[in-house]
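Notes follow the structure.
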Amino acid sequence: MEKSTLKLTRKIQLLIDLPTKEEKKAALDKLYQWQNRCFRAANLIVTHLYVQEMIKEFFYLSEGIKYKLADEKKDEQGILNRSRINTTYRVVSDRFKGEIPTNILSNLNQALISSFKKNRPEYWNGERSLKNFRRDMAFPFDLEGLSGLHYTEDKKAFCFRLFRIPFRTYLGKDFTDKRTLLDRVMEDKTKLCTSHIKLQDGKIFLLGVFEIEKENHDLRPEIIAEASLSLEYPIVVKVGKTRLTIGTKEEFLYRRLAIQSAHRRAKIGATYSKSGKGIKRKLKAVDRLGQMERKYVHNRLHVYSRRLIDFCVKHRAGTLILLNQEEKTEIAKEEGFVLRNWSYNDLMTKIKYKANKAGLEVIID
């Protein structure tokens, strides 16, 4: 049976809610310590999982060696002295005891075991390399680590404690649904699932995962919307005799190429820019234009996918078919210009996400 809920991830900036600079610095240092221990623990867990899985390949061991990955108390052929899930948890909890909350290690261990099981066939066939985690990775936590979520009128922010560290949200001029989602969490109408804390450029972000009910639209599966993605027109969709063209080549491609040209000119001109305090000031315009292209594409693809789903809902189409996409993908791979500027995969991801939220079935032809 299809689930009636889905999970949304929202990036929310957090501020440490302490009075003095010294206290804030101490709290931030603790967060960076947790991030470091989480990074080391993640690589350890994945390594142990891989060795456990591949132990049967060690054919050069003596015949008396047992290979079964099970608790020896429950299976006489087992080689483990505890459950398999507990082995990797004990490895990292013993090594980093007192340096990081066990709640973080427990959630990290469960997430990596689940991910490893999902990708196990590809590891076995040599089609995928083992995951390698970076030092700036986000670390997970669940509701046991979070307490006291409430809205403070004086600070005009949502406040809570995460492992005894007080935080408040900074939403700024936010026009998305973050404020609504946090309100619904406070009212127990929306569930906050296992989320992450991300430290980036000295800032703290909550990657909150919210479980919400799917939108309830009166859609009919027998009504089919046929959509085609291309570079000439980002999306062309048809329901019956009604046809809609979403976006144009001039709007999307030419604007993107203009930003790319400005980016190249900025790179050339950076040679003659005043350096000031090193390379950061020298490349300020280059970085700004690089971010401008990413933001422009991200915004346009969100608008196009939103208009597509709204069109389907308006005409009560319960099935969305994306036509001739495999053929177009092969063409894009052969032509560097198309591959660089089409953003096909990102647009597909956004369409699937919004379709799932609205209750549409997506079929790729």
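Using all C-alpha to C-alpha distances in the range 143-288, build P(r) with 10 Å bins and read off the rounded percent in each one.
Calculated over all Cα pairs of the range 143-288, the distribution is 8, 21, 17, 25, 24, 5, 0 percent.
Which net charge results for the neighbourhood of residue 110, defined as the other residues with beta-carbon distances under 12 angstrom from its beta-carbon, given Lys and Arg at +1 and Asp and Glu at -1? Mind dumping the intermediate values first?
Details: positive: 117; negative: 142.
Counting the neighbours of residue 110, the net charge comes to 0.
Going by average Cβ neighbours within 10 Å, how do the peptides 43-51, 253-261, 129-137 rank, with the highest at the top? Present the calculation step by step, with values, prior to reporting the outcome.
Numbers: 43-51: 17.2, 253-261: 14.2, 129-137: 12.2.
Descending mean neighbour count gives 43-51, 253-261, 129-137.
Taking the Cβ of residue 245 as the center, what net charge do the other residues with Cβ under 12 Å away carry, scoring Lys and Arg +1 and Asp and Glu -1? Don't skip to the answer; put the middle values down first.
Numbers: positive: 238, 243, 249, 307; negative: 232, 251.
Here the charged neighbours net out to +2.
Roll a 1.4 Å probe over the protein chains and send me the accessible area per residue for the range 202-331 in Å². Don't jump to the answer; show the numbers that get you there.
Details: 7750 Å² over 130 residues.
That works out to 60 Å² for each residue.
Of the accessible area of the range 190-317, with the probe set at 1.4 angstrom, what percent is carbon plus sulfur? Show your work: numbers first, answer last.
Details: 3980 of 7620 Å².
Looking at the range 190-317 in its full context, I get 52 percent from C and S.
Among 101, 162, 143, whose Cα projects farthest towards the positive end of the dipole of the range 93-174, with charges put on the beta-carbon of Lys, Arg (+1) and Asp, Glu (-1)?
Towards the positive end, the residue furthest out is 101.
Which entries of 203/282; 11/357; 267/295; 191/357 show an alpha-carbon separation above 21 angstrom in the structure shown?
203/282
How far apart, in nm, are the 7 Å Cα→Cβ label points at residue 52 and residue 274?
Once both label points are built, they end up 6.0 nm from each other.
By per-residue mean of other Cβ atoms within 10 Å, what is the highest-first order of 306-316, 280-290?
Values: 306-316: 18.6, 280-290: 14.7.
Result, highest mean Cβ count within 10 Å first: 306-316, 280-290.
Compute the distance from the alpha-carbon center of the range 1-41 to that of the range 133-156, in whole Å.
About 5 Å separates the Cα centre of the range 1-41 from the one of the range 133-156.
How far is it, in nm, from the label point at residue 23 to the one at residue 7 when both lie 7 Å from their Cα along the line to the Cβ?
3.4 nm
At 7 Å along Cα-to-Cβ for each site, give me the label-to-label distance between residue 352 and residue 124 in nm.
2.4 nm
Sort 214-225, 90-101 for me by packing, meaning the mean count of neighbouring Cβ atoms within 10 Å per residue, highest on top.
Details: 214-225: 13.7, 90-101: 15.5.
Going from most to least packed, we get 90-101, 214-225.
The values are calculated or read from the model by the stated rules, or taken from the named source; none is laboratory data. These figures come from a predicted structure and were not determined experimentally. With ideal geometry, Cβ positions are generated from the backbone for all residues, glycine too; neighbour counts draw on all protein chains shown. We work out accessible area using only protein heavy atoms, side chains counted, and drop any ligands, DNA or RNA first. Shrake-Rupley method; radii C 1.70, N 1.55, O 1.52, S 1.80 Å.
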